[in-house]
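The values are calculated or read from the model by the stated rules, or taken from the named source; none is laboratory data. All values derive from a computational prediction rather than experimental measurement. Note: ideal-geometry Cβ built from the backbone for every residue, glycine included; neighbour counts use all protein chains shown. Ligands, DNA and RNA are stripped out before the accessible areas are found, and what is left, the full protein with its side chains, is counted by its heavy atoms. Shrake-Rupley method; radii C 1.70, N 1.55, O 1.52, S 1.80 Å.
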Amino acid sequence: MNILLKSATIVDKSNSKLHLKKRDILILNGVIEEISTSIKPAGNIKTLNFKNLHVSAGWFDSSVSFGEPGYEERETINNGLMVAARSGYTDIVLNTNTNPLPDSSGAIVFLKNAAKEQPTKLHPLGTLTVLSEGIDLAELYDMQNSGAVGFYDFKRSISNSNLLKIALQYSQDFNGLVYSFPMDKQIMSKGIVNEGISSTRVGLKGIPALAEELQIARDLFILEYTGGYLHIPTISTARSVRLIGEAKRKGLNVSCSVAVHNLLFSDEVLDSFDSNYKVLPPLRTSKDINALIKGLKEGIIDFVTSDHTPIDIEEKRIEFDNAAYGTIGLENAFGVLNKLFDTEMAVTLLSKGRERYGLSPVAIKKGSLANLTLFDPESEYIFTKENCNSTSKNSMFFGKKMKGKVYGIIANNQIIV
């Protein structure tokens, strides 16, 4: 693959010499050969000229679900990774949201092999416990040796405190990353949306913020006792930000993420009874949104995720109480973040996170493998079902204005534009 990008504005805050500079970028056989103010094409080189072209290090998403194996009607690995590529992602972490669940080394190998020819790299998680039942630890060491980058019982909290303690102690021997979903099931009970004024007004059972915060406080106490590597995915409340900030100041090895929809929508949208707004953790209040955004700016929240979760239409087009949790978001993360923050901040949030999973950092420099996202930060459009590439169409972003158009990626010696 020989490509010449013309007049590309490089967005890379780690490189002061190139940051926000307009340059030509020559890529030969998947490697950045030259970065210069002007490069003349020669030989068998494809020249790309895009309106207002910007280039950054390839984007990374730490929480993506597809469907394969078991739920291919939701999303296959091939199409899901193509959607990720068209959305600007060169690396995604795949959740344990399949049937059968990836709780063995063989399951991890299957996922890796199914994605090995794709431009977007798939990094699978393994379940923390056998069948995600929260009883016995799965084959953590074997799964990590097969390519698992962490261990997560998807959207299921670890109610057994001793199990979390043992997992954190055991996984330290091989630097394993343990996930703990922040939700106390007993306090959550039969709640389905945020507990507050909106849930009372629409008559839906609420999930108090305490359900998340109590679980996080417990997990951090255990982490302080055991040591190890803990990741708390998709936090949603102001106090959660404070708790994790305090833990980091103590020096605990904890990271966390926030879903992009929890930065944009509050629970006031529940008046519509649109089941696409049913997500876990639930949409919270405007006060929580402001705290989450502040937590990102201060570096307490480590990264933003799409928390992309395809769901069959049959599981969404029913009563709100019975609908499944989840929204797709890969195609909208940049368009949302580019509205909430300036472009530099949005790109930084989308580019960070690899190191937490033991992956190599990405650089835009001569001699490096080309791992690039191509985009125009100024274009605006309305997201509709017609321009949605995901197989499942369960999106809370339909009809919303997005700022920023993704052209595609150059990665793994391939180009998707």
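Observations on the model:
- Annotation: average projected area of region 187-231 is 3.6 square nanometres, based on the convex hull of Cα atoms across all directions.
- Pairs of Cα atoms nearer than 8 Å and 6+ residues apart set the relative contact order; for region 203-328 it is 26 percent.
- Relative compactness, the chain, computed as alpha-carbon Rg over 2.2 N^0.38 Å: 0.96
- Largest GNM mean-square fluctuation among Asp267, Asp61, Asp136, using the chain with Cα springs under 10 Å: Asp136.
- All-pairs Cα distance distribution in region 117-233, expressed in whole percent, bin size 5 Å: 2, 12, 19, 20, 15, 11, 9, 7, 3, 1, 0
- Hits among lysines - C-alpha to C-alpha of Lys185 under 21 Å, sequence gap 8 or more where chains match: Lys155, Lys165, Lys205, Lys278
- One compactness figure for region 1-154 is 1.31, namely its Cα radius of gyration divided by 2.2 N^0.38 Å.
- Of the trypsin sites (Lys or Arg not before Pro) in region 142-174, those whose Cβ has at most 12 other Cβ within 10 Å and which sit in DSSP loop: none
- Lysine pairs with alpha-carbon atoms under 26 Å apart, region 316-403, spacing 8 or more or separate chains: 21
- Axial C-alpha extent at least 20 Å, average Kyte-Doolittle at least 0.0 - helices from the chain (DSSP): 209-226
- Here region 255-296 is treated as a Stokes sphere of Kirkwood radius computed over C-alpha pairs; at 37 °C and 0.692 mPa s its diffusion coefficient rounds to 306 µm²/s.
- Spin-label model, Gln414 to Asp136: label points 7 Å out along the Cα-to-beta-carbon direction sit 3.8 nm apart.
- Across region 162-205, the volume of the C-alpha convex hull divided among the residues equals 80 Å³ per residue.
- Amide proton proximity set for Gly408, modelled H, under 5 Å, gap of 5+: Leu374
- In loop segments of region 71-178 as defined by DSSP, there are no chymotrypsin sites (Phe, Trp or Tyr not before Pro) with at most 13 further C-beta atoms inside 10 Å of their C-beta.
- Three semi-axes of the equivalent ellipsoid, region 216-318, Cα gyration tensor, whole Å, largest first: 28, 15, 11
- Size of charge dipole - the chain - debye, nearest 20, with Cβ of Lys, Arg +1 and Asp, Glu -1, no other charges: 1500 debye
- Remark: relative contact order (region 234-301) = 48 percent; criterion is Cα-Cα distance under 8 angstrom and separation of 6 or more residues.
- Potential lengthening of the chain between Glu386 and Asn113 amounts to 95.2 nm, from the contour at 0.36 nm per residue minus the alpha-carbon distance.
- Calculated mean residue ellipticity at 222 nm for the chain: -8000 deg cm²/dmol, from DSSP H runs with n ≥ 4 weighted as -39500 (n - 2.57), summed, divided by the residue count and rounded to 500.
- Accessible area of the chain belonging to carbon and sulfur atoms, whole % at 1.4 Å probe: 48 percent
- Label-point gap, in nm, between Lys185 and Glu315 - each point 7 angstrom along Cα→Cβ: 1.7 nm
- What the chain shows is 40 Å² of accessible area per residue, with the surface traced by a 1.4 Å probe over protein heavy atoms.
- Most positive-pole-ward Cα, Ala333, Gly299, Ser351, against dipole of region 273-351 from beta carbon charges: Gly299
- On the principal axes of its alpha-carbon atoms, region 303-342 has extents of 38, 16, 14 Å, going from largest to smallest.
- Region 38-120: GluC sites (Glu not before Pro) falling in loop per DSSP and having at most 16 other Cβ within 10 Å: Glu72, Glu73, Glu117
- Rolling a 1.4 Å probe over the protein heavy atoms leaves Ser62 with an accessible area of roughly 0 Å².
- Rg/Rh for region 366-413 (Cα atoms only, Rh after Kirkwood) is 1.11.
- With R₀ set to 22 Å, the beta-carbon distance separating Asn49 from Met1 gives a calculated FRET efficiency near 0.80.
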